[in-house]
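Written out below as structure tokens is the structure these notes cover.
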2 protein chains.
Amino acid sequence: MTDTAPRPTLEAVAARAGVSRATVSRVVNGGDGVRQALVERVQQAVEELGYVPNQAARSLVTKRHDAVAVIVAEPESRVFADPFFARQLRGISKELTAHDNQLVLLLTEGRDDHARVGRYLAGGHVDGALVFSLHLDDPLPELIQRAGVPTVFGGRPGWSGGRDGVVYVDSDNRGGARDAVRHLLGLGRARIAHITGPLDQTSAADRLDGYRDVMVDADPRLVEEGDFTAGTGERAMHALLARCPDLDAVFAANDLTAAGALRALREHGRRVPDDVAVVGFDDMPPIAEQTEPALTTVRQDIEEMGRLMARLLLRGLAQAPSSVILPTTLVRRASA
Amino acid sequence: MTDTAPRPTLEAVAARAGVSRATVSRVVNGGDGVRQALVERVQQAVEELGYVPNQAARSLVTKRHDAVAVIVAEPESRVFADPFFARQLRGISKELTAHDNQLVLLLTEGRDDHARVGRYLAGGHVDGALVFSLHLDDPLPELIQRAGVPTVFGGRPGWSGGRDGVVYVDSDNRGGARDAVRHLLGLGRARIAHITGPLDQTSAADRLDGYRDVMVDADPRLVEEGDFTAGTGERAMHALLARCPDLDAVFAANDLTAAGALRALREHGRRVPDDVAVVGFDDMPPIAEQTEPALTTVRQDIEEMGRLMARLLLRGLAQAPSSVILPTTLVRRASA
């Protein structure tokens, strides 16, 4: 690629200010040892020429970019299809902007591109990284560690037990799942099914654990694996109804899954909540409010999770706790 | 921020390979003049240690980052709310990924953050930029020109007449608008209203020009300004019905605006298309297909627009045409 616009150089600034290149460089990089009168002359020349220092060179001196990478370990199409990511990014964007840091979202088509993301992180373009939606066998954590970039994870990484210096923010997935199932038991339901998320993600595994904490002797046929999408929620519900036609409640691992399950229940002529009560997870607007009937669900504060991830990173990880777990709350609507 | 992970250094690679620092540096940067046997020893040491070269330093030599910035000149919340941007990004992502270039999406909370985006672009972190949804008085083009980064614009920039080296991809907005209005005239409609987009964007201004090309003597009260959102489309439709209750057709500047207009028409008890025919612009799934009734609209190939922007940039702008205009086609459904 070729440059299309002329760009004022360091030399041009030096010539205009009547000082040496080295003096301009020192002023631009905020270095000391330059007389105030010269500083002002250089600053005026910078202003007049519209000079922008070459940050690639400058960052070798200052080691700061005022930029933070955000990586969602999902294909680009998924990032834009699932409102969960938009909410998390909203929290991150607000916090980074408040501190005049640039949000650098690194999009990919899938896991094959993660090596390239690792190269960009290692390339000295950002001061840190925020990573979410990791899957268990994802090469990203390894690549990030090699890149040596301070990182905060959204959601507990599956391997966190084995590594030092890992910082993450998560919701109380297991506790929230227990609340959901207890609520269904409290309504007198006995045959409570669970449609899980993708079990290579800790959020899904933790919610399944929460379900099992309460349903200690549950019929294993009442659990069906999903992947946090509506399409799979619908298919899983069909499978559960075929296998256990006597089920009287479903705890879905997120709201999109619950929306799919509601569709399947409607197709089978099962009334919600009369025949089958349904609880979701997330409390994701507009999904949870617009389902028919409106969805009882476990609320997690996704935007706050994003904000907190950014805040921990900006404050510096040396002082950070290794994890922050946000509480969840049950929101009761018509579906259970 | 502090580093949380150890990172193998150039020195460590040199020690392991039993060569000098300079030799490692030359091999890593693809330089010549190193014997093949040494190249192989260095490469093996790099592999074994998991060494990642510091790209900030390397890019000073190679001037390549294999990364392209994408900037949507809208607040982050809008980028995720309007499916138009997701589609354009999909085309860009596919094309960049096919060439192993990293998509670096620079998100902002609004125009106040554009100076920071300019600094990032000037900082030597990307090889080029793709910019869309510019508004007329936006400081971005000026900042991008100062940064000296090769850039392709999505949509004709309002100031393109005055500058050299501007490259853009656009749809035939004016021709598409003419087709829409002619279709309505062909259905025997005479009082055809137009809800515009934000008129500080050339796409909206061009569509208004196309409407006026056909409706040469149109009643000026039949034109109401909108901003490409459904909420404003609804409000504009209410205003038009109050002012010109005899209108029998509406050309909306995009599908979201048309969806809002349909809501307002329903509230007023006007049947579509019997009382009022409606045509949109974009053919944006799922909007255009899911409106009630399904929307007749002008299709533009948004994903292809994104792909083409990326392709022009990667090929190098020295050989690029100054603009590429993609054709539009009218898609007939129930609303007109």
ask   = How many Å² of accessible area per residue for the range A:166-219, probe 1.4 Å?
value = 35
query = Per the Debye formula with a single identical scatterer at each Cα and no solvent contribution, what log10 I(q)/I(0) holds for chain A at q = 0.15 Å⁻¹?
reply = -1.16
Distance from the range B:111-125 to the range A:98-116 (C-alpha centre basis), Å = 16
For the pair A and B, total buried accessible area rounded to nearest 100 Å², probe 1.4 Å = 5500
task = Can you sort B:ASP179, A:ASP255, A:ASP274 by 1.4 Å-probe accessible area, starting with the largest?
result = A:ASP274, B:ASP179, A:ASP255
key: Area of A:ARG26 that stays accessible when all protein chains are in place (1.4 Å probe, Å², to 10)   = 100
key: Normalised convex hull volume, the range B:195-336, alpha-carbon set, Å³ per residue   = 114
key: Rounded accessible area of B:CYS244 (nearest 10 Å², 1.4 Å probe)   = 0
message = Not counting ligands, DNA or RNA, and with a 1.4 Å probe, what is A:PHE80's accessible surface area in Å² rounded to the nearest 10?
response = 30
request  = Distance between Cα centroids, the range A:171-241 to the range A:307-331: provide it in whole Å.
outcome  = 26
ask   = Over all directions, what mean area does the Cα convex hull of the range B:214-270 project, stated in square nanometres?
value = 3.7
query = Between copies, how close do the A:GLU289 label points come, placed 7 Å along Cα→Cβ, listed in nm from shortest?
reply = 2.8
query = Check B:HIS194: other-chain or 5+ apart residues with amide H under 5 Å from its amide H, H built from backbone geometry?
reply = B:VAL223, B:GLU224, B:PHE251
message = For A:VAL70, what residues show an amide H to amide H distance below 5 Å, using hydrogens built from the backbone and excluding near sequence neighbours?
response = A:VAL104, A:LEU105, A:LEU106, A:LEU130
Percent of C-alpha pairs per 5 Å bin, the range B:90-163, short to long = 3, 14, 26, 26, 18, 11, 2
request  = Amide H neighbours of A:ASP172 under 5 Å, at least 5 residues apart or on other chains, H built in the peptide plane: list them.
outcome  = A:LEU326, A:THR328
ask   = Length gain on complete extension for the stretch B:THR9 to B:ARG315, per 0.36 nm per residue less the alpha carbon to alpha carbon distance?
value = 106.7 nm
query = What does the convex hull of the alpha-carbon atoms of the protein assembly as shown project to on average, in nm²?
reply = 34.9
task = Pop out the ³J(HN,Hα) list for the range A:126-134 in order, Karplus 6.51 cos²θ - 1.76 cosθ + 1.60 with θ = phi - 60°, rounded to Hz; leave Gly and Pro as x.
result = 9, 8, x, 9, 10, 10, 9, 6, 5
key: Per-residue HN-Hα couplings for the range B:273-284 [Karplus 6.51, -1.76, 1.60; θ = phi - 60°; Hz; x = Gly/Pro]   = x, 3, 7, 9, 8, 10, 10, x, 8, 2, 6, 8
inquiry  = Suppose all protein chains stay in the model; what accessible area per residue would a 1.4 Å probe give for the range B:224-296, in Å²?
reply    = 36
ask   = Based on DSSP H runs of at least 4 residues, each adding -39500 (n - 2.57), what is the mean residue ellipticity at 222 nm of the protein assembly as shown after dividing by all its residues, to the nearest 500 deg cm²/dmol?
value = -13500 deg cm²/dmol
query = With a ≥ b ≥ c the root eigenvalues of the C-alpha gyration tensor of the range A:167-227, is it rounded (a/c under 1.5), prolate (a/b larger than b/c) or oblate?
reply = oblate
Solvent exposure ordering (accessible area, 1.4 Å, most first) of B:SER203, A:SER171, B:SER322 = B:SER322, B:SER203, A:SER171
Accessible area in the full protein assembly, largest first, 1.4 Å probe, for A:TYR211, A:TYR168 = A:TYR168, A:TYR211
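The values are calculated or read from the model by the stated rules, or taken from the named source; none is laboratory data. As the structure is a computational prediction, the values presented were derived from the model and not from experiment. Neighbour counts are summed over all protein chains in view; Cβ atoms, including those assigned to glycine, are modelled from backbone coordinates with ideal geometry. These accessible areas exclude ligands, DNA and RNA; they are computed on the full protein's heavy atoms, side chains included. Shrake-Rupley method; radii C 1.70, N 1.55, O 1.52, S 1.80 Å.
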